[in-house]
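The values are calculated or read from the model by the stated rules, or taken from the named source; none is laboratory data. This one's a predicted model, so the numbers in the text were calculated from it and none came from an experiment. Note that each Cβ is placed from the backbone with ideal geometry, even for glycine, and that neighbours are counted across all protein chains shown.
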DNA sequence: ACAAAAATCATCCTAAAGTATGACCGAAAT
DNA sequence: ATTTCGGTCATACTTTAGGATGATTTTTGT
């Protein structure tokens, strides 16, 4: 019941306004009959009232201009499905092909011995490689090398 | 000259409209004086004219209503600045708060001694922690622990 | 209040990592 | 043809990491 009132409050308001207007006009008409010379005032009232009505109608009935705002929603992809090596950073370090190979295996958590076995070379060779890698990357430990390499996107 | 006309065309239009309106009113007044009973028609005309004026005024003088539509545009970013830990995987391993702390510092490439200094504990403590970490994660080396932790999204 | 878990530290020992240095070889550049 | 560079390997040594074990102190859950 209350909800119905609220929903149609515009219509009700409009009806009440019209009723009041008619009463006003009737009263003015009566005054007009009594005092023959109030035509200008009468017209003035009419003008004001209907101008107001026009304004009100215009405001109510115009379709609002639509403004579209595009909000950029950032979606973070936590993995790296399309990993591409950062060539420029890789070049800066000047790591050789073999050194990069060793670095990648390091990043997978392999020990020097495991890397040596996988690449069919001696442990000493891997030690030499890793030393050169650390030197070129200016780090002290393999863990730092891996961390830096991942940060620079040199390895996945 | 033409430009001036175009620039002030609204003002000119308004002036002309007003002039026409006055003429119309004068003519209606004349008619009203002649035929005493055309009051309702007269009022009707006035009403229509001024309602139109009101509408026109409202449209011209009010700032246009704007309806804002927000559209979300998805942007994919390949890194993970807003890292959220994978709680389920973290729970599975059963690492304690302190152990996770050590693991994170490990992942940053710090040595056990550096971790000990940073956490104001002894080197032996860190060794114990790291041993427990490797045990819980079923790995043999810190590099493997870091690799696994990153893969499971336990650390950034 | 009490037991369990977490955190701390120690010692002894082994394994792995890292440093320094020198050497050899082959391919590519000059 | 000679130099340069990348890759290989070795020896000797130091440092760091890791394993095993035991102990003490906090913290925490019931």
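So, in the stretch A:103-142, of the ones that are over 17 Å from residue B:143 (Cα atoms) and outside any helix (DSSP H, G or I), which residue ends up farthest from DNA strand C (Cβ to nearest atom)?
A:120
Quick one: is residue A:98 near DNA strand D (Cβ under 7 Å from one of its atoms) and either under 20 Å from residue B:145 (Cα atoms) or surrounded by fewer than 16 Cβ atoms within 10 Å (Cβ to Cβ) (or both)? Even if it seems obvious, please write down each step before you answer.
Values: near DNA strand D (Cβ under 7 Å from one of its atoms): yes; either under 20 Å from residue B:145 (Cα atoms) or surrounded by fewer than 16 Cβ atoms within 10 Å (Cβ to Cβ) (or both): yes.
For residue A:98, the condition - near DNA strand D (Cβ under 7 Å from one of its atoms) and either under 20 Å from residue B:145 (Cα atoms) or surrounded by fewer than 16 Cβ atoms within 10 Å (Cβ to Cβ) (or both) - is met.
Filter the stretch A:126-143 down to the residues that are within 7 Å of DNA strand D (Cβ to nearest atom) and either more than 14 Å from chain B (Cβ to nearest Cβ) or at positive phi (or both) and list them by number.
Residues satisfying the conditions are A:127, A:128, A:129.
On the given criteria, is residue A:153 within 39 Å of the chain's Cα centre (by Cα), at pLDDT 85 or above and within 20 Å of residue B:107 (Cα to Cα)? I'd like the intermediate steps shown before the answer.
Details: within 39 Å of the chain's Cα centre (by Cα): yes; at pLDDT 85 or above: yes; within 20 Å of residue B:107 (Cα to Cα): yes.
Yes.
Taking only pairs six or more apart or across chains, which ones have beta-carbon atoms under 8 Å, a first residue in the stretch B:113-125 that is away from chain A (no Cβ under 14 Å), and a second residue that is more than 8 Å from DNA strand D (Cβ to nearest atom) and not in a helix (DSSP H, G or I)?
Filtered contacts from the stretch B:113-125: B:116/B:122.
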